[in-house]
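We did not get these values from a lab; they are worked out from the coordinates using the rules stated. This is a predicted model, so every value here is computed, not measured. For neighbour counting, all protein chains shown are included, and Cβ atoms are generated from backbone atoms with ideal geometry for every residue, glycine included.
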Amino acid sequence: MEPQFLVFGKLTREYLLPPVGPARFDVAGGNLLYAAAGLRVWESGIGLVARVGNDYPREWLNACMARGFDTCGIHILSKNLDVREFLAYNEALEVSRINPGSLFARRELTFPKSLLGYQPPDAKKKPNPESMLIVTDIPSEYQMARAGLLCSMDIVTQTQLIAGMKRGSVHTFVLDPGPDAMMPKARRELPALLNGVTAFLPSQEELCNLFWGETHDLWEMAEGVSMYGCEYVVIKCGVHGQLLYDTNSKRKWEIPAYPARIADPTGAGDAFCGGFMAGYCKNYDPLEGVLYGNVSASLKIEGSGAFYPLDMLPGLAEARLGALRSMVREV
């Protein structure tokens, strides 16, 4: 069976100091897994596309297969690749990715030897070319998929992958922008990125960064971005839920976040994107997409680990979906 849904993104070795609960060292992470799990809450037939080094634990790939994911699109390079990622949260749920040494000391934790020499990612620096996906990384059998989700990556990679998928039968493109696409100077590159994209899913912070010094009105920003050629703009507003803007009809909706208890917000935005694609592809209704994504994110934040949403009680996601429908407000 060829996958019907494709997810493109990064696999990482995650070092996590969550807001509550024990620290997690060297566990499977990355936006690819969080997004794929958010999609898997609702759908099967999911192909994963990523690059990892020869040192990436094979048992983690086996765990993906055991969860029903197709891993033919995960390319294992012949050399090692540093994919470590460090995240620490404070009591206010603010995340830090720098100075792991001092953050471990503050919590009176021993600094793990496997994190020595860690360098946090720098949005201004070009990514390592060996870790960047290219069109030929997409297996030929994936070209028959219905929909593709591009997790946060550099703008060049995302633009090329969409162009490559358009040669196949993929007709739904969901895009979560990378930091380099959401800087004011990148505005001239957005038409090439967003032309033909179904849904553009930036966070509120990213959108405000893009329109820095111009406007504080999120709806104005959504309309501004929609001019670049995407059908729908969904603004992820964290604990405040989402805003949905329909480019053609100019209709607007506010969707509050499902009231879940927050244990670990890591990957919630990625889980939202995966859920959005599942809901949208049911009957091509963007509001359904936001509702499904919202529920996927609500399941993720209640525990740690990319696959946490997949171990929920049967029927819980559907129950939350029903409850959330009555909370939607058109503005």
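General observations
- Alpha-carbon centroids, segment 77-133 and segment 9-23: separation in whole Å: 10 Å
- Filter on Lys10/Lys113; Lys10/Lys185; Lys125/Lys250 - keep pairs with C-alpha separation over 30 Å: Lys125/Lys250
- Calculated on alpha-carbon atoms, Rg and Dmax of segment 20-105 in Å: 15.2, 44
- Furthest towards positive pole of dipole, Ile76, Asn90, Pro120, structure part segment 75-137, Cβ charges: Pro120
- When +1 charges are put on Lys and Arg Cβ atoms and -1 charges on Asp and Glu Cβ atoms, the dipole computed for the chain relative to its Cα centre reaches about 300 debye.
- Summed residue charge, Cβ within 13 Å of Leu77's Cβ, Lys/Arg positive, Asp/Glu negative: -2
- Among Val83, Val295, Val135, the largest mean-square fluctuation in a Gaussian network model of the chain (Cα springs under 10 Å) belongs to Val135.
- GNM result for the chain, Cα springs below 10 Å: residue of Ser114, Ser96, Ser131 fluctuating most strongly: Ser114
- Once divided by 2.2 N^0.38 Å, the Cα radius of gyration of segment 157-237 becomes 1.05.
- The sum of -39500 (n - 2.57) across all DSSP H runs of n ≥ 4, divided by the residue count of the chain, sets its helix-only mean residue ellipticity at 222 nm to -8500 deg cm²/dmol.
- For the chain, the relative contact order is 18 percent, taking Cα pairs closer than 8 Å that sit 6 or more residues apart in sequence and dividing their mean separation by the residue count.
- Cβ-based net charge around Cys64, under 11 Å, with every Lys or Arg adding one and every Asp or Glu removing one: +1
- Residue ranges 319-326, 279-286 sort as 279-286, 319-326 when ordered by packing (mean number of other C-beta atoms within 10 Å per residue, highest first).
- Global size of segment 245-289 as Cα Rg and Dmax, reported in angstrom: 12.6, 38
- Placing a label point 7 Å from the Cα of Met1 along the Cα-to-Cβ direction, the residues of segment 57-73 whose backbone N falls under 12 Å of that point are 68-70.
- Scattering from the chain was approximated by placing one identical point on each alpha carbon and applying the Debye formula without solvent; log10 I(q)/I(0) at 0.08, 0.12 1/Å stands at -0.34, -0.81.
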